[in-house]
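The values are calculated or read from the model by the stated rules, or taken from the named source; none is laboratory data. Computed from a prediction, not measured in an experiment: that's the story for all the values here. Using ideal geometry, Cβ is built from the backbone for each residue, glycine included, and neighbour counts are taken over all protein chains shown.
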Amino acid sequence: MLKDSLYFINQISEDNNMVIARVELDVGHSIFKGHFPGQPVLPGACMLQMNKELLEHFFEMQLQLKKADDIRFSAMVVPAESPFLEFQVLYKKENNSIQTNTKIIKQDATVCCKIKALFEVQD
């Protein structure tokens with residue numbers, strides 16, 4: 001898990017079926033030493049995992065990613081320049097699943113990633 005290691009939740013709330021989470025990256029985390037040396041950036045796989053963990057934290061349930069239809073990375077996240085991120089997760093709960101449409105936004109208002117995904121609730 002990356003929560004409370006790579007990133008920390010500063011605030012999380014919900015408004016009209018949208019989870020809004022503000023997080024702070026640990027700019028000294030060891031993952032940045034290998035991705036990439038001399039030009040550390042937040043790995044895309046970490047953004048996907050963070051999205052899942054934030055939903056699990058908010059809904060207080062375990063989730064499994066079942067499908068990711070559309071993932072678009074539009075800007076790099078350089079932790080030293082942008083240690084604060086906002087996740088805006090529009091969601092729709094149906095039976096045992098949660099369909100999401102997420103935007104990850106840097107502190108300068110740049111959208112760095114969009115994710116459309118389907119999560120299944122785990123027992």
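Any chance segment 45-52 includes a residue that's of a type in the set (Lys, Arg) and closer than 15 Å to Leu6 by Cα? Can you show your working first?
Let us first name the residues in segment 45-52 that are of a type in the set (Lys, Arg), namely 52.
Then drop every residue that is not closer than 15 Å to Leu6 by Cα, which leaves 52.
Within segment 45-52 (the criterion being of a type in the set (Lys, Arg) and closer than 15 Å to Leu6 by Cα), the answer is yes, since at least one residue qualifies.
For Val27, only one of the following conditions fails: (1) touching a strand residue (DSSP E or B) at 6+ places or on another chain (Cβ under 7 Å); (2) closer than 22 Å to Ser5 by Cα; (3) of a type outside the set (Phe, Trp, Tyr); (4) surrounded by fewer than 16 Cβ atoms within 10 Å (Cβ to Cβ). What is its number?
It is condition (1) that Val27 fails.
So that you can scan it fast, the table gives a plain yes or no per residue for (1) under 17 Å from Glu86 (Cβ atoms); (2) over 17 Å from the mean Cα position of the chain (by Cα); (3) among the small types (Gly, Ala, Ser):
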| residue | (1), (2), (3) |
| --- | --- |
| Lys3 | yes, no, no |
| Gln11 | yes, no, no |
| Asp15 | yes, yes, no |
| Val19 | yes, no, no |
| Leu25 | yes, no, no |
| His35 | no, yes, no |
| Val41 | no, no, no |
| Leu48 | yes, no, no |
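(1) surrounded by fewer than 17 Cβ atoms within 10 Å (Cβ to Cβ); (2) of a type in the set (A, V, I, L, M, F, W, C); (3) within 23 Å of Asp123 (Cβ to Cβ): which one isn't true of Val19, the others all being true?
(1)
Considering each of Glu94, Glu60, Glu56 in turn, give the residue that is closer than 15 Å to Val121 by Cα and modelled with pLDDT under 95. Step through it out loud before you land on a result.
Working: Glu60 fails: modelled with pLDDT under 95; Glu56 fails: modelled with pLDDT under 95.
After applying the criteria, what remains is Glu94.
For segment 54-108: of the residues being among the hydroxyl-bearing types (Ser, Thr, Tyr) and more than 26 Å from Gly34 (Cβ to Cβ), which is surrounded by the most Cβ atoms within 10 Å (Cβ to Cβ)? Give the steps one after another, and end with the answer.
Taking segment 54-108 as the starting set, the residues that turn out to be among the hydroxyl-bearing types (Ser, Thr, Tyr) are 74, 82, 91, 97, 100, 102.
Cutting the leftovers down to more than 26 Å from Gly34 (Cβ to Cβ) gives us 91, 97, 100.
Working: Tyr91: 18, Ser97: 16, Thr100: 23.
The qualifying residue surrounded by the most Cβ atoms within 10 Å (Cβ to Cβ) is Thr100.
Filter segment 53-78 down to residues that are closer than 15 Å to Lys93 by Cβ and under 12 Å from the mean Cα position of the chain (by Cα), then give me how many there are.
Within segment 53-78, residues that are closer than 15 Å to Lys93 by Cβ and under 12 Å from the mean Cα position of the chain (by Cα) number 2.
Taking segment 30-41, which residues are under 15 Å from Ser5 (Cα atoms) and without any contact (Cβ under 8 Å) to a residue 40 or more places away in the chain?
Going residue by residue through segment 30-41, those that are under 15 Å from Ser5 (Cα atoms) are 30-33.
Of everything in segment 30-41, those that are under 15 Å from Ser5 (Cα atoms) and without any contact (Cβ under 8 Å) to a residue 40 or more places away in the chain turn out to be Ser30, Ile31, Lys33.
Here is a list: Phe8, Phe32. Which entry is buried (at least 16 other Cβ atoms within 10 Å of the Cβ) and out of contact with any Leu (no Cβ under 7 Å at 6 or more places or on another chain)? Even if it seems obvious, please write down each step before you answer.
On the way: Phe8 fails: buried (at least 16 other Cβ atoms within 10 Å of the Cβ).
Residue meeting the stated conditions: Phe32.
Name the residues in segment 3-30 that are under 18 Å from Thr102 (Cα atoms) and not in a strand (DSSP E or B), would you?
Selection gives Asp15, Asn16, Asn17.
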